[in-house]
Each structure stands twice: as structure tokens, then as C-alpha cells.
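Written out below as C-alpha cells is the structure these notes cover.
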Amino acid sequence: MPKQKENGAQSVEGSKTRESSRFFFLVIVFMFWFSSYIYVPVLSPYVEHLGASYVMVGSVLGIYGLMQILFRLPIGIGSDYLNRRRPFIYLGLIASGASCLLFMAGAHPGWALAARAVSGIAASAWVVYSVMFAGYFPKEEAGKAMGMLQFTTVIAQLMGMLQFTTVIAQLMSMMISGYMVEHWGWNAPFVIGGLVAIAALVLALRLPEQQQERRENAIQLKDLAAVIKEPLLVKVSLLSVLAHCVLFITMFGYTPNQALDIGASKESLGWLTLAFMLPHAVATLYGSRLFGRLLGDRGTLLLGFAGSALFTLLIPSMPTLAALCATQIGNGFMQGLIFPLLLGKSVSGVAPFKRATAMGFYQAVYAIGMSGGPFVAGWMSSAYGLSGGFWLGGIAAALAAVLSWVWITDAGGSRERTGKQGRIRGR
């Protein structure tokens, strides 16, 4: 009995330690994305302010995704091969801070191009952030971990991207982005972003290195290369390409342009972004788990992609800003069901010491959607108007819905979901 009590006390203490580590890590994640997104609302006007052509503006915006295609997989392989996580956490924060400094290095658009490239390297380190956070949870709770992580990312993006209007600045008790540019000049967001990245780096120095499971033999590069041949990993990566195409065509792409075309003011665009991001954040934290228990993974993905297709196709026909915001609420929630589920499935069934490689492949592949989606949609919009780009996004989401039904299976069917519900209720 005394030994049982002692083991029970150690278990409770270990649980509290893990919860504390999760919270501490999420604070660092929040600061990481905050420093990367604080200037995004003013990035395009800033590059134009430097005298860049539209071709150069497009290059600055596009290089962010290109660098992630190039760096995410090597970073994942390197983390698994070295069996280290912390150095790559530091890399992401240092690169995020350095990108902010490079924006202030000179008035030539070339500096902005270099800065955004370094920012893409910083985002590439998200591979290791994702895997390290998942390591704070038991294997069976991987989906929960990804939901919480995605939620934190969304909130950080929300604060960085929305507060360029007076209403959002008051709501968040901060005055940043467009407000700072108006009152303190173009460099103000970069200064704040750099300071937040430095503060996060100081906090990250306290992170303990995670101990991976012991292996009798050292990991070989050929073993890691075999990870990218996993059928489920390839399928969810391709689904994520389509999901990111839709996201970067709509909210991070041309939906604000549609709002301006129907008479919305620039100051009101914050409401449009808020309408998307809040339900998106709620869905990433709660929606995928709730619908996953009710519909299974395949049903949840089918609902998310089909719903996103519908709301994306409705965008061009909305006559008012309020109606357009309604489509954003639906699209934000539906896309929020998709991303944490795909993120969790990308590392399911992969040994812990190979997860960074799997995550690197997954994130490098979906970066194609981040770059290719807006580019092709831009061509479609120039040829057929803005509605052409939204039709492309709707078709991509509909295709993903069909592929989800064909590719994704729920092993064990309803009995497995029932068992999961019982275990969740028993906690």
C-alpha cells in the first residue's frame, strides 16, 4: 500500500509537471507566431512604400512559402537524426527576430525580400515545435495536442493580423500593426516583433530537451527517408495542400479584395478577419475532437472540406459586408475542423524518433498550397474576375472532400469511437 501511494503521488506530480510544461511551451508558441505575424497586415503596403513593383511585391509574399518547401523537410530530418529538439526551437525564434531586423536594414525592396525569406526559415522550424509539443502528451492524445497547438497559433495570428484597426486594438488592449505604423512609422511593427522574438528566446532557454525512446542502434538516414513513403502521410499531406490552397485563396488571399469591391471600407476589414479567425480558433480547439467522436475522422474531414467548398463558392455572390462575414464564420469553422485533424494524422503511426521527419515532409508539401494556390488564383482572377479565384478554391475543397472519403478510413468503426467516448468520460 505505501508503495502504491508513493507511485500515485509521483504520477500526480508528473502530471502537474507535464501540464506546466505544456502551458510554458504554449506561451513560447504564442510569442513565436506573434513576432512572425505582427507586421503581416502592413507587409504588402510597406513593400509598395519602398517603391517595389507588383512583381516584386508578389516575390516578397511568395518567397515565404518557397523557403518552407526547401527547409522544412531538412529541419525535420536533422532533428530526428541528431535526436534533438531545442536547437531547432532556438533557430525558429532567432530567424523570426532576425527577419524583423532585416526589414529595418535598408529602404531597398531587396531587404524586404531577404527578410521575408528568413521569416520563411523561421516558419520552417514549426516542424519541431509541432513534434515537441506532441511529446508532452501520451500517444493516444496526439489529436488533442494538435488541436491545442493549432488553437494557440490561430490566436497569435489573430492578435498579429487583426489589430491594425482601432476596434480590434481596443478589444485586445493593444495598439499595434497599422496603428503603430500610422503613429510611429513603418518600422514600429518590426521593432515589436523583434523584441517579442528575443523575449521568447530567453524563455526557450529554460526548455528541457525531450528524451526520446532509446534505440539499440543509431538512427540511419535511410530509415528516415523511408518515412516519406508512408501511404497515410502522403495522403494527408496532399489533402493539406488542397486545404492550404483554400485558406490562402480566401482569408489570407482575396476575400479582403472582394469586400472592398462590394463597397466595404479598409477600416472594416478587421471585422472580416475577426469573423473568420474566432470560429476557426474555437473549431481547432474543440470542433475536431467533438465531431471526430460523432462522425469519425473521415466524416469530420468530409464535413469540413464540403462545408468549406460551399462557403467559398458563396463568397462572390454576397452583396454586403455582413453577408460576406457570414461566409467567413462558416469557412473559418469548417477549416478549423480540418487542420488539427490532418496535423495529428501526419504523425500517427510514426515512431517518436521519426516524427520530425514525417512532420517536415507534411509541412513542406502543404507549403506548395500556400504558394501555388494564391498564384493560380491570381491568374484565374485576372482572367475571369475575383469570382474565378473563389471558384478555384471551391473546386479544390470539393476535390479534397471526395479524396477524404476515398482515402481516409476509421479503423474499428463505431466500436472504436464508442470506446474512445467511454475513456474520455472516465477521465
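The values are calculated or read from the model by the stated rules, or taken from the named source; none is laboratory data. Model, not experiment: these values are computed from the prediction. Methodologically, a virtual Cβ is constructed for each residue, glycine included, from the backbone with ideal geometry; neighbour enumeration extends over all protein chains shown. These accessible areas exclude ligands, DNA and RNA; they are computed on the full protein's heavy atoms, side chains included. Shrake-Rupley method; radii C 1.70, N 1.55, O 1.52, S 1.80 Å.
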So, LEU61, is that one open to solvent by 40 Å² or more (accessible area, probe 1.4 Å), at pLDDT below 75 and aliphatic (A, V, I, L, M) or not? yes
Hey, does region 279-302 have a residue that's among the hydrophobic types (A, V, I, L, M, F, W, C), closer than 28 Å to LEU66 by Cα, out of contact with any strand residue (DSSP E or B) (no Cβ under 7 Å at 6 or more places or on another chain) and surrounded by fewer than 24 Cβ atoms within 10 Å (Cβ to Cβ)? yes
Return the residue satisfying two criteria in turn: it lies in region 265-291 and is among the aromatic types (Phe, Trp, Tyr) and more than 15 Å from the chain's Cα centre (by Cα), and of such residues it is modelled with the highest pLDDT. PHE291
SER11 vs (1) modelled with pLDDT of 80 or more; (2) open to solvent by 70 Å² or more (accessible area, probe 1.4 Å): all pass except (1)
Quick check on LEU233: is it closer than 23 Å to MET334 by Cβ, of a type outside the set (Val, Ile, Thr) and either open to solvent by 20 Å² or more (accessible area, probe 1.4 Å) or modelled with pLDDT of 70 or more (or both)? no
Flag if SER124 is of a type in the set (S, T, N, Q), in contact with a helix residue (DSSP H, G or I) (Cβ under 8 Å, 6 or more places away or on another chain), at pLDDT below 85 and open to solvent by less than 20 Å² (accessible area, probe 1.4 Å): no
Filtering region 292-306 down to residues that are modelled with pLDDT of 85 or more and out of contact with any Leu (no Cβ under 9 Å at 6 or more places or on another chain) yields LEU294, GLY296, ARG298, GLY299, ALA306
Go through (1) open to solvent by 60 Å² or more (accessible area, probe 1.4 Å); (2) under 28 Å from TYR90 (Cα atoms); (3) modelled with pLDDT under 80 and name the single condition VAL202 misses. (3)
Spot the failing condition for GLY369; the list is (1) out of contact with any His (no Cβ under 7 Å at 6 or more places or on another chain); (2) within 19 Å of SER404 (Cα to Cα); (3) of a type in the set (Gly, Ala, Ser), and only one is missed. (1)
For region 343-356, give me each residue that is buried (at least 24 other Cβ atoms within 10 Å of the Cβ) and modelled with pLDDT of 75 or more. LEU343, GLY344, SER346
Conditions first: (1) among the aliphatic types (A, V, I, L, M); (2) touching a residue at least 60 places away in the same chain (Cβ under 8 Å); (3) more than 25 Å from GLY388 (Cβ to Cβ). ALA283 passes all but one, so which condition is the exception? (2)
